[in-house]
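Peer 1: The structure that follows is given in the form of structure tokens.
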Amino acid sequence: MQVTEQEREIVRLWIESSAVYAGTYAALGTGMVDGYSARVKKGPVKIPGTCVVCHEEDQLRQKNPSRLGGGKPTPEYESLLSQIESHKYQLETKKRFDMPGFRPNEHYVREMKRYGILPASHAVSDPINVYDVDQKYWRSFWYEAH
């Protein structure tokens with residue numbers, strides 16, 4: 001693949017600007033699952049020592065592998081399930097940039113309004129194409145001869 005000098009410079013400046021992998025600053029602080037606070041509240045996740053046995057013996061196909069001998073769920077299973085449910089809830093309420101229904105946070109919208117990129121009347125709940133907004137923001141730095 002051949003790139004022009006201008007394309008090489010764009011990539012260099014992109015990297016130097018500490019750009020986010022999502023390609024938009026709207027992704028910052030959104031859609032990030034916070035496992036730390038969940039662990040502090042509920043304690044560390046307990047990884048079942050019996051998992052290896054189940055996988056080797058292919059017992060995962062039984063109706064409920066969380067139960068030993070058909071009894072109540074194991075503490076390890078309850079711990080893992082709790083973490084999964086917590087992360088699921090977080091992603092349902094705070095979408096990643098690549099998920100349907102993604103919304104930038106109020107800080108992104110506030111700053112884009114402050115810099116005149118979005119109109120002052122724009123509400124956080126209003127539709128927004130964050131990639132277009134970012135393009136307009138970066139173009140605001142372009143030199144224009146008058």
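The values are calculated or read from the model by the stated rules, or taken from the named source; none is laboratory data. Keep in mind it's a predicted model, so treat the numbers as computed, not measured. Using ideal geometry, Cβ is built from the backbone for each residue, glycine included, and neighbour counts are taken over all protein chains shown.
Peer 1: Does any residue of segment 125-141 turn out to be under 18 Å from the mean Cα position of the chain (by Cα), in a loop (DSSP other than H, G, I, E, B), at pLDDT below 90 and closer than 25 Å to residue 25 by Cα?
Peer 2: No, segment 125-141 contains no residue that is under 18 Å from the mean Cα position of the chain (by Cα), in a loop (DSSP other than H, G, I, E, B), at pLDDT below 90 and closer than 25 Å to residue 25 by Cα.
Peer 1: Confirm whether residue 109 is among the β-branched types (Val, Ile, Thr), within 14 Å of residue 25 (Cα to Cα) and surrounded by 10 or more Cβ atoms within 10 Å (Cβ to Cβ).
Peer 2: Numbers: among the β-branched types (Val, Ile, Thr): yes; within 14 Å of residue 25 (Cα to Cα): yes; surrounded by 10 or more Cβ atoms within 10 Å (Cβ to Cβ): yes.
Taking the combined requirement at face value, the residue satisfies it.
Peer 1: When you go through (1) surrounded by 15 or more Cβ atoms within 10 Å (Cβ to Cβ); (2) of a type in the set (Ser, Thr, Tyr); (3) assigned by TED's automatic domain parsing to the domain that holds residue 22 one by one for residue 79, which number turns out not to apply?
Peer 2: Going through (1) surrounded by 15 or more Cβ atoms within 10 Å (Cβ to Cβ); (2) of a type in the set (Ser, Thr, Tyr); (3) assigned by TED's automatic domain parsing to the domain that holds residue 22 one by one, residue 79 breaks only (3).
Peer 1: Ok, one more. Check residue 103 against each of (1) closer than 20 Å to residue 135 by Cα; (2) assigned to a helix (DSSP H, G or I); (3) at pLDDT 80 or above and name the one condition it does not meet.
Peer 2: Result: residue 103 fails condition (2) only.
Peer 1: Please go through segment 113-122 and give me each residue that is free of Cβ contacts under 8 Å to residues at least 12 places away in the same chain and either loosely packed, with under 11 Cβ neighbours inside 10 Å or assigned to a loop (DSSP other than H, G, I, E, B) (or both), ordered by number.
Peer 2: To start, the set of residues in segment 113-122 that are free of Cβ contacts under 8 Å to residues at least 12 places away in the same chain comprises 113-114, 119-121.
114, 119, 120, 121 - these are the residues of segment 113-122 that are free of Cβ contacts under 8 Å to residues at least 12 places away in the same chain and either loosely packed, with under 11 Cβ neighbours inside 10 Å or assigned to a loop (DSSP other than H, G, I, E, B) (or both).
Peer 1: Here is a further query. Taking segment 3-23 on its own, how many of its residues are surrounded by fewer than 10 Cβ atoms within 10 Å (Cβ to Cβ) and modelled with pLDDT under 90? Walk me through how you get there before you give the answer.
Peer 2: The initial filter retains those residues of segment 3-23 that are surrounded by fewer than 10 Cβ atoms within 10 Å (Cβ to Cβ), namely 4-6, 15-16, 18, 21.
With the extra rule that they be modelled with pLDDT under 90, the set shrinks to 15-16, 18, 21.
Total meeting the criteria: 4.
Peer 1: Another one. Do you know which residues across segment 93-105 are touching a residue at least 12 places away in the same chain (Cβ under 8 Å) and surrounded by fewer than 11 Cβ atoms within 10 Å (Cβ to Cβ)?
Peer 2: Just the residues of segment 93-105 that are touching a residue at least 12 places away in the same chain (Cβ under 8 Å), to begin with: 94-99, 102-105.
98, the sole residue that qualifies.
Peer 1: Would you point out the residue of segment 47-76, among those that are assigned to a helix (DSSP H, G or I) and surrounded by 14 or more Cβ atoms within 10 Å (Cβ to Cβ), that is modelled with the highest pLDDT?
Peer 2: Taking segment 47-76 first, the residues assigned to a helix (DSSP H, G or I) are 51-56, 59-61, 75-76.
If we keep only those that are surrounded by 14 or more Cβ atoms within 10 Å (Cβ to Cβ) too, we end up with 51, 54, 76.
Working: 51: 60, 54: 56, 76: 74.
If we take residues in segment 47-76 being assigned to a helix (DSSP H, G or I) and surrounded by 14 or more Cβ atoms within 10 Å (Cβ to Cβ), then 76 is modelled with the highest pLDDT.
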